[in-house]
Amino acid sequence: GLHMGLKYKDAAQPLKGGKFRLVIDDLKKYVKQAHSNKVDLDFDFDGGAAVGDGLFKMVVHYSMVHSDGDGEEKGELMVERKHTGDLWTTTLKTQLVHSVAKPSSPRNQQHGSQAGV
């Protein structure tokens with residue numbers, strides 16, 4: 001199935017931020033070429049104290065269970081917009097938190113070292 005949830009910090013001013021969660025139990029049902037079966041995305045958006053000033057921070061935590069035996073992958077993506085003095089800065093950061101691959105996967109064996117080559 002497909003599951004979604006949304007919760008605002010302030011429903012009267014949704015741009016202040018909130019949380020959104022999307023879980024897809026079988027991504028291949030919707031996207032045949034997908035590398036993953038189960039996908040879990042958890043968005044946390046903070047619009048800051050002043051709505052509309054262009055400053056924000058969004059963090060996306062993700063988990064994907066790969067369908068080809070590569071195991072589970074977890075990580076996060078962070079996008080932040082700051083203004084310090086005359087400088088506007090946008091930061092984009094990704095981080096792999098956890099990845100477990102099954103050693104019997106032919107795909108993983110292709111990336112291993114090859115002795116004598």
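The values are calculated or read from the model by the stated rules, or taken from the named source; none is laboratory data. Here the structure is a predicted model, which is why all the values come from computation and not from measurement. Don't worry about glycine lacking a Cβ; one is built from the backbone with ideal geometry, like all the others, and counts go over all protein chains shown. Note: accessible area is taken over every heavy atom of the protein model, side chains too, but ligands, DNA and RNA are not part of it. Shrake-Rupley method; radii C 1.70, N 1.55, O 1.52, S 1.80 Å.
A few notes on this one:
- Within segment 7-51, the set of residues being assigned to a strand (DSSP E or B) and either open to solvent by 70 Å² or more (accessible area, probe 1.4 Å) or over 29 Å from H98 (Cβ atoms) (or both) comprises K7, Y8, K19, R21, K38.
- Enumeration of residues in segment 52-94 that are among the hydrophobic types (A, V, I, L, M, F, W, C), in a strand (DSSP E or B) and surrounded by 11 or more Cβ atoms within 10 Å (Cβ to Cβ): F56, M58, V59, V60, M64, V65, L77, M78, V79, W88
- Any pair with Cβ under 8 angstrom, 6 or more apart, that starts in segment 65-78 at a residue that is of a type in the set (S, T, Y) and ends at one that is surrounded by 16 or more Cβ atoms within 10 Å (Cβ to Cβ): S67/A34; S67/S36; S67/N37
- Residue pairs meeting the criteria (Cβ under 6 Å; at least 6 apart or on separate chains; first free of Cβ contacts under 8 Å to residues at least 60 places away in the same chain, in segment 19-39; second open to solvent by 70 Å² or more (accessible area, probe 1.4 Å) and part of a strand (DSSP E or B)): K19/K7; F20/L6; L22/M4; V23/H3; I24/L2; D25/K38
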